[in-house]
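Okay, structure first, notes after.
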Amino acid sequence: MVNLHEERTIRAAPERVFDWLVDPANLLTAPLFVRARWVDGTSIPAAGAFREVTVIGAWIREQITAYDPPTSYSYHVVRSFPAVNHDGGTVTLTALGDATRIDWVTTYAIPWRGGGRLTEAITAPLFRSSFRAILASCAKVLES
């Protein structure tokens with residue numbers, strides 16, 4: 001099982017940070033992410049919305065399971081290749097004066113048919129660095 005938790009404080013209002021993070025197009029700021037979009041007629045984020053993300057070597061369909069702007073949203077991988085058992089992910093934003101603290105957590109396991117622990121050992125640092133790249137891009141855009 002992989003537990004990822006990334007944190008960052010960005011000098012911008014929670015509303016701006018939330019809007020930037022929830023936009024699938026901004027996931028593409030991570031080097032391994034090659035496509036991200038809303039699907040199934042969804043053009044705006046909301047609970048129940050689906051987004052698809054293509055990463056080099058993987059495809060993920062996520063459903064937004066909770067949506068509470070500008071404080072948090074949660075998601076769950078409902079389909080993927082390789083297969084993943086996803087316990088969910090949550091992005092939580094906390095106002096800190098003129099800044100926003102972001103906590104991004106997700107937990108998943110790769111079943112044996114998807115490579116099990118070996119695939120987990122490969123994907124954990126890749127997703128961790130991707131989350132960090134996304135948060136760094138958010139900071140770069142919103143703090144300029």
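Taken together, the values in this text are just the output of simple stated rules run on the coordinates, not laboratory data. Remember, it's a predicted structure, so these values are computed and weren't measured experimentally.
Couple of notes before you dig in:
- Working note: 222 nm ellipticity from helices only, DSSP H runs with n ≥ 4, each -39,500 (n - 2.57), summed and divided by the residues of the chain, gives -8500 deg cm²/dmol to the nearest 500.
- Note that the stretch 3-19 has calculated 3J(HN,Hα) couplings of 10, 10, 9, 10, 10, 6, 10, 10, 7, 6, 5, x, 4, 5, 5, 4, 4 Hz, one per residue in order, obtained from phi through the Karplus relation 6.51 cos²θ - 1.76 cosθ + 1.60 (θ = phi - 60°); glycine and proline are x.
- Amide H partners (placed H, <5 Å) of ALA36, local residues excluded: THR54
- Percent of Cα pairs exceeding the 27 Å cut-off, where the set is the chain: 17 percent
- GNM remark for the chain: springs join alpha carbons under 10 Å apart, and the peak mean-square fluctuation among LEU126, LEU28, LEU118 falls on LEU118.
- Integer Hz, Karplus 6.51/-1.76/1.60 couplings in order for the stretch 36-52, x for Gly and Pro: 8, 7, 6, 10, 6, x, 8, 10, 9, x, 5, 4, x, 5, 10, 10, 10
- Relative intensity, log₁₀ I(q)/I(0), of the stretch 85-140 from a Debye sum that treats every alpha carbon as a point, q = 0.12, 0.19, 0.29 Å⁻¹: -0.38, -0.77, -1.18
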